[in-house]
């Protein structure tokens, strides 16, 4: 992510990892890179483009703009084994440990999970909550019954051979609307979170619950916190100086002779 390794193509690249199958807009990054290479060749890295584009997309979705420090360099490798995204089914303690390992704290975790106020997920990530939670043969008891019945209509217990895994909205209230709101936190409080990792916030410690309550009650508090946490996340494992390179094409390293320029 922060070294633009996600942009590299290849049969075993990060793009091929199941956790990243829902990512898109790579063509948009390509178009930005083409224009920049025409105007200032070799000056702007793909990782800077990715971070700046993310900042602008988040701002367009309702969050405040935030400073992005440029000067990043691009990574040289990308493998699906290196993808470091936490499972959507982990506990809040496991989730917090994952964030802390990256230098982030509980405020960042609760804030950044709020991005799940929009977007979609595959049924395979929630089917256990709907039918066989922790091998009990029953649904997750923490899930709101109305939401459970709604999701069961969209996600069968198993998909048939050759059938694609259905997509469901993380926030059925807003559906395809790509706008941030405080509804994510309100839904956590009413046990209407789709992903287990989100609903786990309601089981957190007092500090975590206080943040959830604060964001559920005030959208402006969430907006400001999101800008700060996005900026902090964008500084994880950044390459600078002589590390990495500035790719001429975001889909391949400069040493790749098979890459189109």
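The values are calculated or read from the model by the stated rules, or taken from the named source; none is laboratory data. All of these numbers come straight from a predicted model, not from anything done at the bench. Virtual Cβ from ideal backbone geometry, glycine too; neighbours counted across all protein chains shown.
Scanning the stretch 167-182 for residues that are in a loop (DSSP other than H, G, I, E, B), surrounded by 14 or more Cβ atoms within 10 Å (Cβ to Cβ) and touching a residue at least 40 places away in the same chain (Cβ under 8 Å) turns up 170, 171, 174, 180, 181, 182. Counting only residues that are modelled with pLDDT under 90 and buried (at least 17 other Cβ atoms within 10 Å of the Cβ), which one in the stretch 48-66 is farthest from residue 115 (Cα to Cα)? Across the stretch 48-66, the extreme among qualifying residues is 66. Would you confirm whether or not the stretch 24-47 contains a residue that is surrounded by 12 or more Cβ atoms within 10 Å (Cβ to Cβ), closer than 24 Å to residue 165 by Cα, touching a helix residue (DSSP H, G or I) at 6+ places or on another chain (Cβ under 8 Å) and modelled with pLDDT of 90 or more? The answer is yes, given that some residue of the stretch 24-47 is surrounded by 12 or more Cβ atoms within 10 Å (Cβ to Cβ), closer than 24 Å to residue 165 by Cα, touching a helix residue (DSSP H, G or I) at 6+ places or on another chain (Cβ under 8 Å) and modelled with pLDDT of 90 or more.
The single condition from (1) within 17 Å of the chain's Cα centre (by Cα); (2) buried (at least 17 other Cβ atoms within 10 Å of the Cβ); (3) within 30 Å of residue 196 (Cβ to Cβ) that residue 13 fails is (1). State yes or no: is residue 147 closer than 17 Å to residue 86 by Cα and either surrounded by 14 or more Cβ atoms within 10 Å (Cβ to Cβ) or in contact with a helix residue (DSSP H, G or I) (Cβ under 7 Å, 6 or more places away or on another chain) (or both)? In short, no.
Between 111, 70, the distinction of being closer than 20 Å to residue 232 by Cα and modelled with pLDDT of 95 or more belongs to 111 only.
Conditions (1) within 21 Å of residue 104 (Cα to Cα); (2) modelled with pLDDT of 95 or more, marked per residue:
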| position | (1), (2) |
| --- | --- |
| 139 | no, yes |
| 160 | no, no |
| 170 | no, no |
| 182 | no, no |
| 191 | no, yes |
| 214 | yes, yes |
| 228 | yes, no |
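One residue stands out among those in the stretch 147-158 that are out of contact with any strand residue (DSSP E or B) (no Cβ under 8 Å at 6 or more places or on another chain) and in a loop (DSSP other than H, G, I, E, B): the one that is modelled with the lowest pLDDT, which is 158. Residue check: residue 121 meets all listed conditions (1) touching a strand residue (DSSP E or B) at 6+ places or on another chain (Cβ under 9 Å); (2) assigned to a loop (DSSP other than H, G, I, E, B) but one, namely (2).
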